[in-house]
1. Give me Rg/Rg_expected for segment B:44-123, where Rg uses Cα atoms only and Rg_expected = 2.2 N^0.38 Å with N residues.
2. Where does each of A:V23, C:V12 land when they are ordered by accessible area, with a 1.4 Å probe and the largest first?
3. Based on the mean of other Cβ atoms within 10 Å per residue, sort peptides C:243-254, B:74-85, A:170-181 so the most packed one is first.
4. Within segment A:160-199, whose backbone N sits under 17 Å from a point 7 Å along Cα→Cβ of B:H87?
5. Treating only the Cβ of Lys, Arg, Asp and Glu as charged (+1, +1, -1, -1), what charge dipole size does chain B show about its Cα centre? Round to the nearest 20 debye.
6. Considering Cα pairs under 8 angstrom that are at least six residues apart, work out the relative contact order of chain B and quote it in whole percent.
7. Placing +1 on the Cβ of each Lys and Arg and -1 on the Cβ of each Asp and Glu in the protein assembly as shown, which of A:T166, C:L134, B:S260 has its Cα farthest towards the positive end of the resulting dipole?
8. To the nearest 20 debye, what is the magnitude of the charge dipole of the protein assembly as shown about its Cα centre, counting +1 on the Cβ of each Lys and Arg and -1 on the Cβ of each Asp and Glu?
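The values are calculated or read from the model by the stated rules, or taken from the named source; none is laboratory data. Note that the structure is a prediction, hence the values are computed from the model and not measured. Please note: Cβ atoms are built from the backbone with ideal geometry, for glycine as well, and neighbour counts cover all protein chains shown. Side chains included, ligands, DNA and RNA excluded: accessible areas come from the protein's heavy atoms. Shrake-Rupley method; radii C 1.70, N 1.55, O 1.52, S 1.80 Å.
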Amino acid sequence: MLIKKNSFYDYAYRRFRRNKLAVIGTFITLAFVLVALVAPVLAPYEPSEFFFIEGQNVYNKYASPSMEHLLGTDSLGRDVFSRLLYGARVTMLVALSAVIISTVIGTIIGLVSGYFGKFLDAFFMRIVDIVISFPVLFLLISISTIMDPSIWIVILAIGLVSWTSTARLVRGEVLRVKELDYIVAANACGSSSLKIIVKHILPNILAPIMVQVTIGTAQAILMEASLSFLGVGVQQPTPSWGNMLMDAQKLLVLRDMPWIWIPPGMVTLLLVLAIYFVGDGLRDAFDPKQ
Amino acid sequence: MHDTPLLVVENLNKHFLLHKALKQENAVYVKAVNNVSFSVKEGETLGIVGESGCGKSTLGRTLIKLLEPTSGTVFFEGKNISTYGKHELRILRERMQYIFQDPYSSMNPKMTIRDIVSEPLENFRKDMSSSEREERVAELLQLVGLSREAMTRYPHEFSGGQRQRIVIARGIALNPRLLICDESVSALDVSVQAQIINLLQELKQKLSLTYLFISHDLRVVKFISDRIMVLYLGEVMEIAPSSALFENPRHPYTQSLIGSISKGDPRSRAERHILEGEIPNPMNAPKGCPFSSRCPVVMERCHSEKPQLQSVGNDHVAACLRLTQTISQRTGDTV
Amino acid sequence: MNTILEVKDLSVQFRTEEGSFHAIEHVSFSVQEQKTLAIVGESGSGKSVTSLAIMQLIAENGNITGGEIFIDGQDILKLSRKQVQHSILGKKISMIFQEPMTALNPVIRIGEQITESILEHQQVSKQEARKIALDTLKQVGIPSPEQRMKQYPHQLSGGMRQRVMIAMGLVTKPKIMIADEPTTALDVTIEAQILNLLEELKRTYKTSILFVTHDLNIVADIADDVLVMYCGEVIEKGPVVDIFEHPRHPYTKGLLATMPSLDQDEKVLPTIKGSVPNISKRPQGCHFHPRCEHATDQCRTTKPQTYQVGLQTVQCFLYAPKKESSNA
């Protein structure tokens, strides 16, 4: 079994398995990950391949779904279904990388703030306040105009603005755990601060961090979608679910060509919902009061 | 038992700031430990008793420097440890250990018993190889009455009594001189309490330890201590050899405290003495004698004058103005 | 003399992660009018579950699987939930908890909480209810009760809060009060005050008390009869003097011996070996046999019946009549 024979995670796993929504959510999420991984095999065409109307030198724009193009084509005559599959890769890459960045930053800052307190705490918490009050959209629009827009900038931007909730959560957890006898006991037997943080505090606050990571992933997906929709996220021709929705800004598309925007919208909704179910399931599973 | 004091505490204070104020004199402090002085001889057990809010746990934590004292000096093995910096403090941790009340919360639930007990060894015996460390852990577990198999298991797999044994094993891992036991048996089941008390007694003999035994339970303290110190609202009321304290308590608070314990005999119920009133909030403790608000034999001057500890017998001190009065033949009554 | 509370063959089962377990099994006892019965036991003995079962306060994952509970002659397990809430709980029987802070509502003033519970059970006007509340607070020894009525629970000390709890339990003049470790969170001097108060109130209000505790010293001080529980079973019961002077069950003997005494100077305390088994790992036969010095093969396989010894009943083969022991 994957789970270590450590009753806390053992019980949590059992409780998680009993939660139907969480299990369904996990399967859906895993299915999406799998699809993203094998996108090149599943996709009938290259994501940026243009199609022409047969015999003419004209792009086959806004073609409705057919056997040839399962979900039709978009404003530039590209296969929507293929873009959807490749878009899953991009969206997930962005979300996961951003969450890794925000979790690392948030956890370190939360641990330091909570454990050392005093000046460091006051300092970091004011930084958190500043980051929270920062107009993210403005920042991203500025960045994307100044720098060459690339997927890495989007990742960095999402990561750098979303660590604050993790930092606050971790800080609160540290404050709670710090007062427990075993931390004081570790202090009394001469353990260094680093050792106490890494060996005693971190393993005991891992559960809420894991919950935060899942919820954070869902939020990052939504953030990527909104940024790309507004044109400051992932740039064409790289497909992402967000920038696939960009076409829906045109009233004509929105009204008459649902095959262009319903699929990316639906998969975004479905994946985010699935991840939230997983997150809720984890939270309930880790909560010993349940 | 030797006569050299292992620990000497002089005028120790630990005040907690409650409300900050612009002017220093307007700030509100809680005097959790107030001018406490005592000494512990090598190889003896000093019991510290008192009700909640008397500062006994704060005192213990201040002594081992988990809390920084506000003022006062502490001599340990002849050295003034109150001025110790971070580095020297680490060395002190080797010589002085602390056993907590709650065996459930004083171990990291995510660590195995091996890791828990070997943590102090990792910190201080860096030259030990991991197999030597493992041997030492096994030896320690055996010393506290547990088998070697316990090493690979987690705290939640053990009962309260067994957990407290593990905590004790960790406490004695570095061969400390002084063990501060803070309510170390209070959270245990009655039938297990006696086992742990016996274990502590046995270890004291084997390892020539000195104990500071903090508890609210007078029965346990009487059983385990050579001398007892009674605290009330952060101040010392009386210090005496165990038998003298119970046979001839001199301070009215000690008398009330002993009187209020049940005899544990259904035939002698009426003898339980009731001390009226409650412990005042430490924030507005009485001006003079801290006990003056509840004392059954309180005098006018007790409300304004703070009694000093004075000798009332062999190795027996108490802080009560009534005692001063009898000694100076009622001359001070009108002061 | 009337029996106020009678519990017959009560069993409570809990469902946990590891399966279903009986927290208490076949518990029977009765409390007479104006008497105090103390249930004494260690953690996991089922003493609290017993009192909660009587109050119908068992957690969601537990349920009463058998037995009868008679309060003032009525089997409350046969009544509907509504009937029990309306005519039994708070009226004929009330409960005092270990930690009054969690049992009192932190955002409602003391006075309101007490008058509220009076109005719920008695047909009186608001003024009258206030007066009853005031009188009861006075009676439980709360100084300047008019002021206290206006305060919130957190403004009172632990001892005062416990007095308020007792007052709330008393306003409806119940036939019996259940006190679950009411002094465990209190200091020795306050504990003595509260025990004294309970004793006094028992006389003025003519109530019975079911006192749940782990502390044998308290039992010695307040009980008329004692029920010793171990691992969810009653292993011995009898009048307090008999239990203290002639404990029969090896466990009761052990418990009494492990108390450090104030008069004697022992060097080593007598102990009971081992520890209380977890609810999921209760041994076969007599639950106490792994810790018992007198354990025989019979104890390891068969559960002993209860035997009468004088005024006490004991669940231990040591007291089985000799001739019957073969077919036990």
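1. Expressed relative to 2.2 N^0.38 Å, the Cα Rg reads 1.27.
2. Sorted descending by solvent-accessible area, the residues read A:V23, C:V12.
3. C:243-254, A:170-181, B:74-85
4. A:192-193
5. My answer is approximately 380 debye.
6. 19 percent
7. C:L134
8. For the protein assembly as shown, the charge dipole is close to 480 debye.
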